[in-house]
Each structure stands twice: as structure tokens, then as C-alpha cells.
Amino acid sequence: MTVSLPLVFDAPRRGMPPRHLADLDAEGRRAAIEELGLPKFRADQIARQYYGRLQADPAQMTDLPAPVREKIGEALFPPLMSVVKHVACDAGETRKTLWRAGDGTLLESVLMRYPDRATLCISSQAGCGMACPFCATGQGGLNRNLSTAEIVDQVRAAAAAMRDGEVAGGPGRLSNIVFMGMGEPLANYKRVVAAVRRITSPPPDGFGISQRNVVVSTVGLAPAIRKLADEDLSVTLAVSLHTPDDELRDTLVPVNNRWPVAEVLDAARYYADKSGRRVSIEYALIRDINDQGWRADMLGQKLHKALGSRVHVNVIPLNPTPGSKWDASPKPVEAEFVRRVNAQGVPCTVRDTRGQEIAAACGQLAAEG
Ligand code: SF4
């Protein structure tokens, strides 16, 4: 591929940011406040500012005395990241943000407004170590994991942007979160699960977004899927399968060499059993690679056998990365693929692809840096 490799991936591996309020659960937050010699009630007061009022600047927390603002600013609100640029498309209803973390690491999130919801696609890692050959992020490797606070603050910023009417359509509410930006969420397991808890707990412990409106995606780290199932969350699991056969999947999604399709689907069934949620199967349809009719039949059969009615297939027309040999399938091929999966009794639809004109395949904006 001819994409010039981004600065972010050339950078040396750097460390996590200092501790931030959003890294802490309720207990940790109270302990931190006590360490500062402040009364315990300040802990929830500050958390209400952050999660309830979406305020990340202690100087603006005017219900706190000035010396307290200064103290907590230093101890719990280190600068996390700043906006490098916003890029809008789809008549302003899609906005992609490129962030620079304190150590120079670049990451990105995409806010998409629909008639009935506003969805934020967030990054869980800077770069990605999974090396899928068709993906811009995968070309550069993993830079580092994001901290819980770096994940959570993408959500806070988007919720504030929606509230303040920064996205076309006037003020609104951020309702859905998908972990489908840069990175493999389950490879940053502990921080991602902590972030899910902050995103979904009601204030003062989190933003109060319904677990049912949160999607955690994975390329199929089977043991981590099982572990996630045991967390007793009701978030939707999305498995990026991309093909039902091991032979092709070994190259399309190299981690398949470790956990082949059957193991991934077993783990997905365990997740469906424990969570009571339908599993989402993501399938990037790539011209002449994985779009054959027989693969659609095989996909439908395998999914029906493993998951019965607790599955839904999202076909994603590939968003080609500049200069790449990978391309989206022609529309008639796509329609036939969808028809054949449905014919096996497995619901299958084509996902609306937002943001094509701003290079919204994961990693492309950071790649242009
Ligand atoms: S497709 Fe997802 S898992 Fe694969 S390299 Fe890209 S970001 Fe990583």
C-alpha cells in the first residue's frame, strides 16, 4: 500500500498519561480526594461536574472554592488531549475529530447524527496490533493503549458537542457509543471495561448511557470474549468476522491463526447466552476476496448453527484506503451476498457508511496526520 506512514506510528512508544478523575471508580475517587485532605463529599461533587455537566476544566467548576479547584486540577485533571482538527461531512451531521494526547500520540473519534440517535465511534488504542491487511490503522502497528480516561473523555467531549449544538441539527443528546475506532478493544481489556462502566453508570459515577446502546467490537479474541461475558454487562458484542472460513481468515484477520472461526463463534455463543443479547457479526465486503455466493451460504449456515436467532450480520462496504488494492464489492454482488445470508435464516443488512468523504475508515485521518 502507498499510504505514507503517519507520524503517530513513527513515534517512539510512550507511556500513559498521569491519573485522571475518569480513570477512577467511585471508591478510587473518594480515596484520591481524601489523599488531598478534602472532605469526601467533594468526590461526588467533582464527578457530577465531569459526568453530569460534562465539565473537564476545574477552573469552571464554580460550585467549588477556588483553592479546591486548584488542588483537584493539579491532582485529578492533567491535560489529556487536545483537538488537532475537526472534519465534517454528510451535511455537517458527521464530525470526525483528530486528537493529540499529552505525549503527542494521535487518536480519533467520529460523531454521527441520525434522525433517531447520535452515535460516537471511539478509539481504544492508538494504532492497532492486529495487522488486518485491508485496514489503514492496521498498517502502522500499535503505538500504545489508551488510558481509561482517554477513552472516556472522547465521550465527554462528544456529549458536550451534542448538547451545545456543535453538530448540524441543533442541540441534542449523545445516545450510542461504538468501540469501533482505532484499536482492538479487547486487547486493552481492563481499561475498556472500566470505560464501559463509566460510560453507562448513572451520574455521579458515569454518563448514564444505556448499556444496550453500547457496542464493543473485537476481531475475535476468544478468551477475552468469554471474560467479557462474565462481567454481566448487557452491551452488544460485535465480532469482525469478515469471512466464515479459516483459510481466508488467516490472512484477512491474522489473529485467526490463534483463535480460528469455530472458537470465535463458540465464544460468541457464550456471550449471547450470558448477556441475552444478539451478537453482531461485522463483514467488510471486499471485491473478489470474500464476496462470493458460496461464502455467503457458508456464513449463514455457520452462524445459524452457532447462534440460532441471536445474531445479526452487518455487511460493511469496504471503505478503500488510498492506494490500496482492496476495493468495495459492486452493488449487485453485495445485494446477492445479503440475500443469500438471509436465505439461511440469518438477518443480514448493509450498514450505512458515514463519513466516506472524510476518510472515515478507522485510522485514515490519523494516517494523514
Ligand atoms: S480492522 Fe480493526 S482490528 Fe484489524 S487492524 Fe484495523 S483497527 Fe485493528
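The values are calculated or read from the model by the stated rules, or taken from the named source; none is laboratory data. Please read all numbers here as calculations on a predicted model, not as lab measurements. Counting neighbours? That spans all protein chains shown, and the Cβs are built from the backbone with ideal geometry, glycine included.
Can you spot a residue in region 258-266 that is touching a strand residue (DSSP E or B) at 6+ places or on another chain (Cβ under 9 Å) and away from the ligand (no atom under 16 Å from the Cβ)? Spell out how you get there, then give the answer.
The first filter runs over region 258-266 and keeps only residues touching a strand residue (DSSP E or B) at 6+ places or on another chain (Cβ under 9 Å), leaving 264-265.
Checking which are away from the ligand (no atom under 16 Å from the Cβ) leaves us with 265.
Yes - at least one qualifying residue is present in region 258-266.
Assessment of region 262-269 against the conditions (assigned to a loop (DSSP other than H, G, I, E, B) and either touching a Pro at 6+ places or on another chain (Cβ under 8 Å) or over 19 Å from Cys132 (Cα atoms) (or both)) yields no matching residue.
Can you confirm whether region 189-210 contains a residue that is at pLDDT below 95, closer than 26 Å to Leu21 by Cβ, away from the ligand (no atom under 12 Å from the Cβ) and surrounded by 15 or more Cβ atoms within 10 Å (Cβ to Cβ)? Yes, because at least one residue in region 189-210 is at pLDDT below 95, closer than 26 Å to Leu21 by Cβ, away from the ligand (no atom under 12 Å from the Cβ) and surrounded by 15 or more Cβ atoms within 10 Å (Cβ to Cβ). Within region 310-334, the set of residues being more than 13 Å from Cys135 (Cβ to Cβ), of a type in the set (A, V, I, L, M, F, W, C) and more than 22 Å from the chain's Cα centre (by Cα) comprises Ala328, Val333.
Figure legend. Inter-residue proximity from region 329-349: first residues within 16 Å of Glu282 (Cα to Cα) and modelled with pLDDT of 95 or more, second residues surrounded by fewer than 14 Cβ atoms within 10 Å (Cβ to Cβ) and hydroxyl-bearing (Ser, Thr, Tyr), beta-carbon distance below 9 Å, spacing 6+ or different chains. Indicated pairs: Val338/Thr349; Asn342/Thr349; Val346/Ser309; Pro347/Ser309. Each residue in region 166-181 was checked for being within 16 Å of the ligand (Cβ to nearest atom) and either surrounded by fewer than 19 Cβ atoms within 10 Å (Cβ to Cβ) or of a type in the set (A, V, I, L, M) (or both), and 2 of them qualify. Does at least one position in region 218-234 carry a residue that is surrounded by fewer than 22 Cβ atoms within 10 Å (Cβ to Cβ), modelled with pLDDT of 95 or more and in a strand (DSSP E or B)? Checked against the condition, which is being surrounded by fewer than 22 Cβ atoms within 10 Å (Cβ to Cβ), modelled with pLDDT of 95 or more and in a strand (DSSP E or B), region 218-234 yields no hits at all.
Scanning region 124-139 for residues that are more than 7 Å from the ligand (Cβ to nearest atom) and surrounded by 23 or more Cβ atoms within 10 Å (Cβ to Cβ) returns Ser124, Gln125, Ala126, Gly127, Phe134, Ala136. Checking each residue in region 108-133 for being of a type in the set (A, V, I, L, M), under 19 Å from Lys190 (Cα atoms) and within 12 Å of the chain's Cα centre (by Cα) picks out Ile122, Ala126.
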